[in-house]
Amino acid sequence: MVTLQQILDILLQITPDHLAEDWDNVGLLVGDPSQSAQRVLLALDPTVALVDAAVHGHYDLIITHHPILFRPLKALRTDTPIGRFLATATRHQIGVIACHTNFDSAPDGVSDHLACLLGLEQRRPLVPSRNGCPESCGLGRIGSYDQALSAEAFLARLQQALAPPWLLEAGPRPAQVRTVAVCGGSCSDMAEVAKAQGADVFLTAEVKHSVARWAEEAGIWLLDGGHFATENPAMSVLRDRLRREAAQHGWPLMIESAEQQSPLRLVQANEPRGSV
């Protein structure tokens, strides 16, 4: 029998909780640590569709990147998405674990994998962890290419690696791209750090208007690849790592990834608009 606590212990070796930001909420958020588990489902987002899929697939544990419980709840109403998720998970004894900013900062985590997909060498954290971790830990990554790429060649590489549903850009396109900074998810506040460390381009998501305007005037190429597209690829890395750990421990665990799509999509010009 494998317990939720045993799985959590392995996760905390991969994504130590001391790497999580102070404002974050990670670890076992729903369930009894002594509960047994045989089937594990991973996904980026804790949605109602995900917990329903876990029920139908007879999963015992859900592991997500984004926490279902982020801010204190004043009420647990089951007519809200969070309430429905929690009620369904509790009713069916499905544990829920979140690996959020600890997975962002960990080696082979969200940003590390993003930098790897882009083929960056000599990768290091953009903002090193202050919480007692080796030099390989921290938010974001910055690395370089042995041979510089044109801006167009870098965009082609980005499209091939992530297939983002959209790309937004701000600031001037450089003549060549050699040093690249990345941070999966909403990290546009790190744009000044990326420029200070010599990045020719900074790839992240949810770029604020003020940051885009700053990039325009400061002279750094800023790319917004979408929150989902820049983070979701790392979930398969976590799944595969858990599978290897389970096999090494001789645990009879089935560990699968759920199929999710970005909640945002582009509206095509010829699509009918809803009535106002």
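Here is a list of conditions, (1) surrounded by 19 or more Cβ atoms within 10 Å (Cβ to Cβ); (2) in contact with a Lys or Arg (Cβ under 9 Å, 6 or more places away or on another chain), and residue 185 meets all of them except one; can you say which number that is? That leaves (2) as the condition not met. Restricting attention to the range 213-265, the residues being surrounded by fewer than 18 Cβ atoms within 10 Å (Cβ to Cβ), of a type in the set (Gly, Ala, Ser) and more than 21 Å from the chain's Cα centre (by Cα) number 4. The set of residues in the range 80-138 that are farther than 14 Å from residue 16 by Cα, within 20 Å of the chain's Cα centre (by Cα), small (Gly, Ala, Ser) and surrounded by fewer than 20 Cβ atoms within 10 Å (Cβ to Cβ) contains only 119.
Scanning the range 165-178 for residues that are buried (at least 20 other Cβ atoms within 10 Å of the Cβ) and of a type outside the set (Gly, Ala, Ser) turns up just one, 177. Annotation note: Cβ proximity below 8 Å between a residue of the range 59-81 that is of a type in the set (Ser, Thr, Tyr) and a residue that is assigned to a loop (DSSP other than H, G, I, E, B) (sequence gap 6+ or interchain) occurs for 59/94; 64/44; 64/45; 64/46; 64/99.
Would you check if residue 266 is in contact with a Gly (Cβ under 9 Å, 6 or more places away or on another chain), within 27 Å of residue 47 (Cβ to Cβ) and not aromatic (Phe, Trp, Tyr)? Answer is no for this residue.
Residues being under 19 Å from the mean Cα position of the chain (by Cα) and farther than 19 Å from residue 240 by Cα: count how many of those fall in the range 52-70. Result for the range 52-70: 4.
The set of residues in the range 154-176 being in a strand (DSSP E or B) and within 20 Å of the chain's Cα centre (by Cα) consists of 168 alone. Those residues that are surrounded by fewer than 19 Cβ atoms within 10 Å (Cβ to Cβ) and charged (D, E, K, R), I need them from the range 188-203; list them, please. Scanning the range 188-203 gives 189, 192.
All of the numbers you see were taken from the coordinates with simple rules; none came from a lab. In this text, all values refer to a predicted model and were calculated from it rather than measured experimentally. Glycine gets a Cβ as well: all are built from the backbone with ideal geometry, and neighbour counts include every protein chain shown.
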